[in-house]
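Quick notes on the structure that follows.
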Amino acid sequence: MTDATDDAAAPGDDAREALAAELSGLLGDALVESHIEAGENLWLRVEVEHWHAVMAALRDAGFAYFGFLSAIDWTDAPEGRYEDTEFDAAGVGTDDDEAASATAAETVRRGGGETRFQLLAQLHSPARHAAVLIKADLSDVDGVPEPVPSIIDIFAGADWHEREAHEMFGIVFDGHPNLEHIYLPTEFEGHPLRKDFPLLARAVKPWPGVVDIEEIPPELEAQLEAEVMAEFEASGAGA
């Protein structure tokens, strides 16, 4: 599979464009797509079966400082969303809502990808003063993401992060010797950062900020305003 550098990269980030071209040559067919946020980040989407090899190659290329590893579940929560974002409204009022929505989704999914789960990691090169964000699409069967090779033999600091991703998303990291819970009791069932995990507390109490607030009656509002003004004037602040 060939790599593709996103054409949306803003002008003026020649350094990241050069780095993207260099890493494209280094990673070869393992690289699916790259995306540049001018002045911010370089995203590399790679084939998950090459996850371990890509990390080793980037380390050997000078990206030897491990930042973080995590995952994301892109599916919508069964109960729906409680609030909109700038991306949700991107297609409203346009002639081509589907195209606008696709553009908004790509803006969020920097570097692309269509699977429910994606794995994310960040590496830094102290010598280059540069960082790259690496992502991989994870297929799933009935909501269970496919296993991923552990990278703790390359970056020991990934140990805790892989355990957290396993605990919160259910991702199995092949070769990790101790995928035990960090936050939750050992007998806890489920993975709380999956969108289909039931938030029982929210089934009883709605999310803050989404409860309809009854309007104050005009006469009570006038009374409260008068009391506030009276207290303000009595304090001498209005003199």
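Local charge for N178 was computed over the other residues whose Cβ lies under 10 Å away, with Lys and Arg +1 and Asp and Glu -1, and equals -2. Take the stretch 125-196 with all the other protein chains still there, run a 1.4 Å probe, and you get 51 Å² of accessible area per residue.
The modelled label-to-label distance between E187 and T115, using points 7 Å beyond Cα along the C-beta direction, is 3.4 nm. Placing dummy labels 7 Å off each Cα toward the beta-carbon, the span from V228 to V141 is 6.1 nm.
Length gained on full extension, E40 to H124, computed as 0.36 nm times the residue gap minus the Cα-Cα distance: 28.9 nm. The residues packed around A156, meaning those with a beta-carbon under 12 Å from its beta-carbon, carry a net charge of -2 if Lys and Arg are +1 and Asp and Glu are -1.
Counting only protein heavy atoms and using a 1.4 Å probe, the accessible area of V172 comes to about 60 Å².
The peptide list 42-52, 216-226, 150-160, 19-29, put in order of mean Cβ contacts within 10 Å with the highest first, becomes 42-52, 150-160, 19-29, 216-226. For the peptides 33-39, 190-196, the ranking by packing is 33-39, 190-196, with the highest mean count of neighbouring Cβ atoms within 10 Å listed first. With R₀ set to 35 Å, the beta-carbon distance separating W160 from A15 gives a calculated FRET efficiency near 0.65.
The values are calculated or read from the model by the stated rules, or taken from the named source; none is laboratory data. All of these numbers come straight from a predicted model, not from anything done at the bench. All Cβ positions, glycine included, derive from the backbone under ideal geometry; neighbour counts span all protein chains shown. Ligands, DNA and RNA are stripped out before the accessible areas are found, and what is left, the full protein with its side chains, is counted by its heavy atoms. Shrake-Rupley method; radii C 1.70, N 1.55, O 1.52, S 1.80 Å.
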